[in-house]
Amino acid sequence: MKGLGAGVVAVVAVFWSCTTAAGSDTPVQSVIKGDVRWRGEVSVDGIAIVTREGRLTIEAGTTVRFLQRDDDGDGIGDSELRVEGVLRVEGTPDRPVLFTSAAARPAPADWKYIMINHGRDAAVSNAVVEYAFSGVQIHYTRGTFRGLVSRHNVDGFRFSTAPVVLEDSLLTRNENGIRFEERGAGASVRGNIVTDNRFGLFAVIKCEGLSVMENNLFENNSEYNVKMGERQTTDLPLSCNWWGTSLDGEIRASFFDGRMEPGLGRVLYEPYLKERPTLAKSP
Amino acid sequence: MMMKRSTLRTLLLHTITVAVTVAVTVTVPAVPSHACVGRKLILGSVQTGRADMASRLLSILINERTGTTVEVKFFEDAAGLLDAVGKGKVDLYVDHVDNALIRMGRSGDSESLGGEERFKLVKRLFDEELNLIWLKPMGYSGRDAGGASLGPAAVVVKKDTLKKFPALPRLLEKIGTRVPLDDDRLDDLVKRAQSEKPARVARDFLKEVKLI
C-alpha cells in the first residue's frame, strides 16, 4: 500500500512541477528521459523534449494541442515536440493521433513542429498533423511513417539526411507537401497522395537520386508538382508516379526544373503512370 | 524480502506509468523557444511603396528558390534601417549608390565619375570599411521623399551572411540582369499593389518572368 501511495504522490508531483514551472521566472523544460506514454488530451506550451535516453509512446485517439506562443516574434509559433530518443505514435485508422494547434482559429505555423533530430528511432502510424510550421521534420534519424495526414502546415513532411519510409500518407494544403534534402541518405516514398499544396515536392539541395519515390499521386498542386531548389543541379528520378494527367506536355509544365531554369536538374518522370492509382488515403 | 522489494518496485513503476497514461490532460510547461526553423534571413526595409515592393520581390525569390525563411523587418525611415544595418541586425537590404556615397563622405570624389565607376567605388568602400557586399544594381533608382534620385538601387548583404548563403548573389542578381527591374516596371507593380495584395503582385510578377 505504501508503494501505491508513493506512486500516486510521484505523479502528483509531476503535475505540480509542470503547472508551477509554467509561471516561474526560470521555466523548466519538459524533459522526457524515461519511458512515458501520452493518452487523452495533452497540451504542450513551449518545448517538450524526448531526450536521447527517453521514449515517448502516444496512444491511439490521443490529441496533442500545441499552445500558440511566439517568443522570438518571427511569426512562427514556438511550441514543439523535439525528439532525440524514441518516438512511437500508435494511432489506428479509426482512432488517429491528432497533433494540432490549441488556437480557437488555427492557422499554419501556430506551432513549430515535431522535430526528430539525431533521434534513436521514430515510428508513426495513423497520425494527423496540422497548423504547424513543419508538420514533421526528421533529420539524421531512421523513421517510418505510415498513414500520416499532414495538412495546413508550411512544410507537410520535411526530411534531410534521413533514410525515412513514408508510405500511404496524405500531404495536403501545405505550402510544400514534401520538402527534402537527401545529403547521402536515400528515402522510400511510396503510395502517398500529395495534393492541393502550393508545391507537391520541393527538392531543395543535394538530392542525388538515392531515394525511391514511386506510385505516388501528385495532383492539384497549385504552383508546381515538383520544384527544384536554386542549387539542386542533379536530375531527380521520379518515374512511376501519377502527375494529375496523362498528357506529357502538361506533366512537364508542372515541374520547375532544368527545363524552365537552365542549370537546375530535371525531373526524370518517365515512364509515368497513365491512370490515376487507387491509394490508401483519400483527401 | 528481495523478492518483495522487487515486486514492490515493479508495482510502483507500473502504477506511475498507468497513472500517467490515464491522465486526461497533461500540460507540458512553458519554456522560451529559440530553436530555429532552419536558416532564416532578416531583410531590412523602409516602408515606402517602392522599397516595400522591392523587399517583397527579394524575400519571395529567396524563399521560393532556396526554402530559406526570410523575415522582412520594416523601419520607419532610412536612419532606423541604417542603424540596424550598422549593428548587424539585418542580413540584407536595398541601398542606393549616390546616397551611400554621400553617407560615406565621398560624394565630392565621385562627382566626376560615371555610373559604373561610382558603383565600383561604393562597392569597394563598403567591402573594405563595413564588411558589406553590394550586388549588381537591380535596374531602378531610389528616390527620396521629394522625388530626387538617390542613385541606382542594389541589394547589400553582410559578408558573414554570404558565407552562409553563397547562392544569394547568383540568385538575387537575376533581378537586374535577367529581369531588369527598371523604374517603370517597379512603379507599375507598386500601382497594382494599391488594388491587390502586394505579396500577390510580387509573386505573380516573379512567376510571369519565370524566376519562380
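The values are calculated or read from the model by the stated rules, or taken from the named source; none is laboratory data. Since the model is a prediction, treat every value here as computed from it, not as a measurement. Cβ coordinates were reconstructed from backbone atoms using ideal geometry, including for glycine residues, and neighbour counts include every protein chain displayed.
If you go through the stretch A:176-215 and pick out every residue that is more than 18 Å from A:D235 (Cβ to Cβ), among the polar types (S, T, N, Q) and surrounded by 21 or more Cβ atoms within 10 Å (Cβ to Cβ), you end up with 4. Counting only residues that are surrounded by fewer than 13 Cβ atoms within 10 Å (Cβ to Cβ) and within 14 Å of chain A (Cβ to nearest Cβ), the stretch B:178-198 holds 1 of them. I'd like to know if the stretch A:79-94 contains one or more residues that are surrounded by 15 or more Cβ atoms within 10 Å (Cβ to Cβ), under 25 Å from A:N192 (Cβ atoms) and acidic (D, E). Yes, the conditions are met somewhere in the stretch A:79-94. Under the condition of being facing chain A (nearest Cβ under 9 Å), buried (at least 21 other Cβ atoms within 10 Å of the Cβ) and of a type in the set (D, E, K, R), the residues counted in the stretch B:52-75 number 2. Residues that are of a type in the set (A, V, I, L, M) and outside any loop (DSSP other than H, G, I, E, B) do not occur anywhere in the stretch A:240-247.
Applying the criterion of at least 2 residues that are under 23 Å from A:A280 (Cβ atoms) and not assigned by TED's automatic domain parsing to the domain that holds A:V83 to the strands (runs of 3 or more DSSP E) found wholly in the stretch A:96-143 leaves A:121-130, A:132-139. Checked against (1) within 20 Å of B:R65 (Cα to Cα); (2) touching a Gly at 6+ places or on another chain (Cβ under 9 Å), A:N215 passes all but a single condition, namely (1).
The sole residue among A:Y224, A:Y272 that is of a type in the set (S, T, Y) and closer than 29 Å to B:D204 by Cβ is A:Y224. Restricting the search to the stretch A:146-161, which residues are hydrophobic (A, V, I, L, M, F, W, C), under 15 Å from A:F180 (Cα atoms) and either without any contact (Cβ under 8 Å) to a residue 40 or more places away in the chain or not in a loop (DSSP other than H, G, I, E, B) (or both)? Within the stretch A:146-161, A:F157, A:F159 meet the criteria. Against the conditions (1) surrounded by 21 or more Cβ atoms within 10 Å (Cβ to Cβ); (2) under 20 Å from A:V204 (Cβ atoms), A:V97 satisfies every one except (2). Are any of the residues in the stretch A:52-74 modelled with pLDDT under 95, within 17 Å of the chain's Cα centre (by Cα), within 9 Å of chain B (Cβ to nearest Cβ) and part of a loop (DSSP other than H, G, I, E, B)? Within the stretch A:52-74, not a single residue is modelled with pLDDT under 95, within 17 Å of the chain's Cα centre (by Cα), within 9 Å of chain B (Cβ to nearest Cβ) and part of a loop (DSSP other than H, G, I, E, B).
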